[in-house]
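Asker: Starting off with a structure, shown below.
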Amino acid sequence: MPNLLDALNQYFELVAAAMTPHGGEILRFIGDAMLIVFPDDAGADGRDACRPALDAADDAFNSLDVVNHRRKGQFQPTLSFGVGLYYGEVIYGNVGAPDRLDFTVMGAAVNQTSRLEGSTKSLHQRLLMSREFVDLICAPVRSRRAHAMKGFSELREVFGLQ
């Protein structure tokens, strides 16, 4: 188990190092996943949150490539992760019991982001984005078709970078 914990901490560290300089806020660790938000000012159109999120994901993948090169040289298994990017409204605040509160975000946007991240595995993509996100960035993207996602009655089109 120490090797698993070392690998998880190495992964969390490289992702945190990529997210924080771009304004990402790590809200929680969920098993081997992280919930990260890029806050948007009230009344903003989302571009100021989406572009930094995409840049942070790119930095994280570049760091992962370096870490995996090192791990291969040490005969350790490589690490991988997927990123789902979605733009939408959330509610946030402290939830829980009086003696154990947790700050979190909730809403359809959180669920959609989670579904996008989960789809990275089945679609063999490191990064998937929603239409809501793609409409707010200037980057070459390619549709990965519409897919059924748990909790959503209609098919959802997902996008990756070209």
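The values are calculated or read from the model by the stated rules, or taken from the named source; none is laboratory data. Just so you know, these numbers come straight off a predicted model, no measurement behind them. Here the Cβ is made from the backbone with ideal geometry for all residues, glycine too, and neighbour counts use every protein chain on show.
Asker: Does Gly88 fit the bill of being at pLDDT below 95 and outside any helix (DSSP H, G or I)?
Answerer: yes
Asker: Exactly one of (1) part of a strand (DSSP E or B); (2) at pLDDT 90 or above; (3) not hydroxyl-bearing (Ser, Thr, Tyr) is unmet by Phe133. Its number?
Answerer: (1)
Asker: Is at least one residue of the range 61-70 of a type in the set (Val, Ile, Thr), more than 18 Å from Ser114 (Cβ to Cβ) and either assigned to a helix (DSSP H, G or I) or touching a residue at least 24 places away in the same chain (Cβ under 8 Å) (or both)?
Answerer: Within the range 61-70, one or more residues are of a type in the set (Val, Ile, Thr), more than 18 Å from Ser114 (Cβ to Cβ) and either assigned to a helix (DSSP H, G or I) or touching a residue at least 24 places away in the same chain (Cβ under 8 Å) (or both).
Asker: Shifting gears a bit: Can you tell me which residues in the range 20-76 are within 20 Å of Leu128 (Cβ to Cβ), β-branched (Val, Ile, Thr) and surrounded by 16 or more Cβ atoms within 10 Å (Cβ to Cβ)?
Answerer: Answer for the range 20-76, where residues must be within 20 Å of Leu128 (Cβ to Cβ), β-branched (Val, Ile, Thr) and surrounded by 16 or more Cβ atoms within 10 Å (Cβ to Cβ): Ile36, Val37.
Asker: Could you say which residue among Val110, Val134 is crowded, with 18+ Cβ neighbours inside 10 Å, over 14 Å from the mean Cα position of the chain (by Cα) and under 24 Å from Pro39 (Cβ atoms)?
Answerer: Just a single option satisfies the conditions, and that option is Val134.
Asker: A follow-up question, please. Here's a check for you: in the range 17-55, which residue that is touching a strand residue (DSSP E or B) at 6+ places or on another chain (Cβ under 9 Å) and free of Cβ contacts under 8 Å to residues at least 12 places away in the same chain is nearest to Glu89 (Cα to Cα)?
Answerer: My answer is Ile26.
Asker: Going by the structure shown, is Val105 touching a residue at least 40 places away in the same chain (Cβ under 8 Å), among the hydrophobic types (A, V, I, L, M, F, W, C) and under 20 Å from Ile137 (Cβ atoms)?
Answerer: No, not satisfied.
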